Amino acid sequence: MTTDATVEEVVAVPSPEPEIGSKNKLERQWTFWLDNQSKTKQGAAWGSSLRKIYTFNTVEEFWCLYDQIFKPSKLVGNVDFHLFKTGVEPKWEDPECANGGKWTVASNRKANLDTMWLETLMALIGEQFDDAEDICGVVASVRQRQDKLSLWTKTAANEAAQMSIGRKWKEIIDVTDKITYNFHDDARRERSSKGRYSV
Ligand code: MGP
């Protein structure tokens with residue numbers, strides 16, 4: 001089992017060696033974030049432990065980071081991992097997320113969470129979604145009661161785009177149970193807001 005020390009090591013992630021000219025460029029830049037809420041004081045504002053960890057744009061950097069660090073099952077406690085398009089912050093307050101929402105899938109097994117997380121990361125950096133422009137990023141939430149993954153998108157009101165993204169995501173992570181889409185606007189108003197779409 002891993003202790004909090006691992007989370008601190010994540011924050012101190014070393015830069016992968018630059019190998020100019022020999023790397024496979026991705027379509028766009030992506031940023032890993034980490035939110036280790038286990039260590040935040042009670043009453044601390046949401047987001048006070050959210051940290052930007054690493055920005056990359058090559059396949060090689062992605063695998064290096066993933067292998068060394070970004071496996072949710074390595075962690076215990078209340079920790080969120082994020083992969084977002086560079087320039088988009090994983091917050092409702094970010095202009096790209098403000099009118100958005102998220103598809104969520106629960107995971108009851110650590111191994112399952114790791115697999116779904118990796119499949120989602122590969123689909124994102126490999127631009128496998130038809131509506132890729134509407135996607136902000138993905139969050140893996142490690143929790144004692146139940147882990148979960150959430151795919152954040154930009155235009156919650158565009159039902160057709162969200163349904164297409166939701167269907168594609170289920171295929172990618174091999175989920176057959178129903179999943180639900182929540183608007184950030186609703187979550188802002190009410191902690192346990194009702195989902196607006198399901199697929
Ligand atoms: P959540 O997204 O329901 O988190 O947010 P989770 O992981 O389901 O809950 P947890 O108890 O397991 O951590 C939980 C609460 O965090 C929300 O009701 C907000 O108070 C706050 N919060 C979450 N997010 C994503 C944001 C955000 O982007 N901005 C702000 N201001 N608060 C947020």
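The values are calculated or read from the model by the stated rules, or taken from the named source; none is laboratory data. Worth saying up front: this structure is predicted, and the values here are computed from it rather than measured. Because the Cβ atoms are built from the backbone with ideal geometry, glycine has one as well, and the counts that use them run over all protein chains shown. Side chains included, ligands, DNA and RNA excluded: accessible areas come from the protein's heavy atoms. Shrake-Rupley method; radii C 1.70, N 1.55, O 1.52, S 1.80 Å.
In order along segment 158-167, the phi-based Karplus estimate (6.51 cos²θ - 1.76 cosθ + 1.60, θ = phi - 60°) of 3J(HN,Hα) comes to 7, 4, 4, 5, 5, 5, 5, 5, x, 5 Hz; Gly and Pro are listed as x. What the chain shows is 53 Å² of accessible area per residue, with the surface traced by a 1.4 Å probe over protein heavy atoms. Scalar couplings 3J(HN,Hα) for segment 177-186, obtained by applying the Karplus form with A = 6.51, B = -1.76, C = 1.60 to θ = phi - 60°, are 5, 5, 10, 10, 10, 10, 7, 4, 4, 5 Hz; x denotes Gly and Pro.
Shown here for segment 44-115: GluC sites (Glu not before Pro) in loop regions (DSSP other than H, G, I, E, B) with at most 12 other Cβ atoms within 10 Å, namely Glu93.
Ranked by the mean number of other Cβ atoms within 10 Å of their residues, highest first, the peptides 131-142, 174-185 come out as 131-142, 174-185. Of Gln162, Gln42, Gln144, the residue with the greatest mean-square motion in the GNM of the chain, using alpha carbon springs below 10 Å, is Gln42. Taking every alpha-carbon pair under 8 Å whose residues sit at least 6 apart, the chain reaches a relative contact order of 21 percent. Restricting the calculation to alpha carbons of the chain gives Rg and Dmax of 16.3, 50 angstrom. Overall, the accessible surface of the chain at a probe of 1.4 angstrom is composed of carbon and sulfur to the extent of 46 percent. Judged by the gyration tensor of its Cα atoms, with axes a ≥ b ≥ c, segment 111-199 is oblate; a/c meets the 1.5 cut and b/c is at least as large as a/b.
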